[in-house]
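Notes follow the structure.
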Amino acid sequence: MPCIIFSGVEYMSGQSFAGSGARPRVFIDGEAGTTGLGIRTRLDELGLVEVLSIDPARRKDPDARRELMAAADLIILCLPDDAAREAVALAGSLGADAPRVLDASTAHRVADGWTYGFPELDAGQAEAIAGARLVANPGCYATGAIALLRPLVKAGLLPADFPVSINAVSGYSGGGKSMIEDYEAARAPAFELYGLGLTHKHVPEIAAYGLLERRPIFVPSVGNFRQGMLVSIPLFLDDLPERPTAKDLHSAFTRHYGTGGAVTVASLDDPQTPGRIEALTLNDTNALDIHVFASEAQRQAVAVARLDNLGKGASGAAVQNLRLMLGV
């Protein structure tokens with residue numbers, strides 16, 4: 001099998017696409033769901049790959065799915081967790097002809113042998129994704145939380161065992177088909193907290209990739225808007241060992257993310273954010289921005305990540321990872 005060289009990393013693939021004129025073939029297993037539809041729309045707009053579609057009447061037929069997997073260079077799984085695990089096993093049964101896998105479910109985000117699909121996680125993560133055969137697309141809430149936590153822990157400003165609380169609000173499209181139908185039929189409340197059993201499925205990846213040794217308290221909520229997301233972490237600055245200032249927090253973020261990527265850090269004196277922030281600004285983009293709000297007089301701060309739960313939080317991230325994996 002030929003190799004692709006991408007950003008200095010050599011990895012095996014069924015075909016070299018960069019500069020070859022050939023379009024890689026992609027099969028979205030679970031294309032009819034919200035994330036799958038978002039991915040398909042983005043791929044159709046880009047025109048960089050050939051999308052293989054299954055006959056809707058055979059979408060649960062293992063033989064039909066296996067046939068498309070065998071024809072694909074990469075498969076994207078937009079399935080429930082158990083179905084995603086079965087799909088990985090089905091693809092693996094192809095042996096040397098097995099395609100590369102990008103899984104948008106929760107099933108493999110902290111599993112051994114899988115690469116976490118957050119290219120901005122650390123220096124070198126994009127190259128790791130480019131070379132991986134198995135990539136787990138991050139959760140939407142987790143993307144925002146990890147974007148805030150990891151730079152602060154790595155900078156030594158937030159101890160790994162510190163008691164962390166994370167608050168977040170998402171548009172209702174993140175809740176799946178039934179929630180979307182309820183909101184669009186005006187049967188749902190304007191706003192509600194949920195996940196109050198404190199066992200939300202994103203917590204394991206938040207702890208793992210946020211570098212936390214102590215399980216955080218995570219309180220998600222949903223608002224009466226289709227898409228958009230805010231994730232926030234409040235901090236008592238004098239309770240942190242280094243007693244950082246807002247500028248220290250801001251510097252940790254800017255050092256970690258640099259400039260020119262999908263993750264940007266707003267200026268501390270950004271006139272667009274005078275003590276308030278709304279959730280919809282980045283809708284229909286693959287961007288994530290970070291803000292630090294603080295009162296030095298009160299020695300309190302709130303770090304906020306804003307993103308589109310269907311963009312950088314789902315379909316946009318998947319397409320970003322696909323482009324890295326295929327070198328297109």
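Relative contact order of the stretch 124-235, please, whole-number percent, based on alpha carbon pairs below 8 angstrom and at least 6 residues apart. That works out to 41 percent. Spin-label model, D161/A22: points 7 Å from Cα along the beta carbon direction are separated by 5.4 nm. Normalised Debye scattering of the stretch 143-191 at q = 0.30 Å⁻¹ gives log10 I(q)/I(0) of -1.13, counting only Cα atoms as equal scatterers and leaving out solvent. Which residues does a label at D112 reach in the stretch 188-212, if reach means a backbone N under 11 Å from a point 7 Å past the Cα toward the Cβ? Zone members listed by number: none at all.
Using only Cα atoms, locate the centre of the stretch 265-328 and the centre of the stretch 174-198, then give the distance between them in Å, rounded to an integer. Each part reduced to its Cα centre gives a spacing of 23 Å. Beta bridges assigned by DSSP with both partners in the chain are antiparallel in approximately 50 percent of cases.
Which value in Å does the Kirkwood hydrodynamic radius of the stretch 142-287 take, with 1/r averaged over all unlike C-alpha pairs and then inverted?
Numbers: mean 1/r = 0.0600 Å⁻¹.
When all Cα pairs of the stretch 142-287 are included, the Kirkwood radius is 16.7 Å.
Per residue and in cubic angstrom, what volume does the convex hull of the Cα atoms of the chain have?
Numbers: hull volume 46.1 nm³, N = 328.
Per residue, the Cα convex hull of the chain comes to 140 Å³.
Which of the aspartates and glutamates could a cross-linker span from K177 if the Cα-Cα distance has to be under 15 Å and same-chain partners fewer than 8 positions apart are dropped? Within the straight-line cut-off, K177 pairs with E31. Using a 10 angstrom cutoff on alpha carbons, build the Gaussian network for the chain and name the most mobile of R58, R42, R23. Of the options given, R58 has the highest mean-square fluctuation. Taking the Cβ-Cβ separation of E242 and L193 as r and a Förster radius of 22 Å, what is the calculated FRET efficiency to the nearest 0.05? It comes to 0.10. The relative contact order of the chain comes to 19 percent, based on Cα pairs under 8 Å that sit 6 or more residues apart.
Explain nothing, just the number: relative contact order of the stretch 39-167, from Cα pairs under 8 Å at least 6 residues apart, as a whole percent.
Worked out over the stretch 39-167, it gives 17 percent.
No value in this document is a laboratory result; all are computed from the given coordinates. Here the structure is a predicted model, which is why all the values come from computation and not from measurement. Glycine gets a Cβ as well: all are built from the backbone with ideal geometry, and neighbour counts include every protein chain shown.
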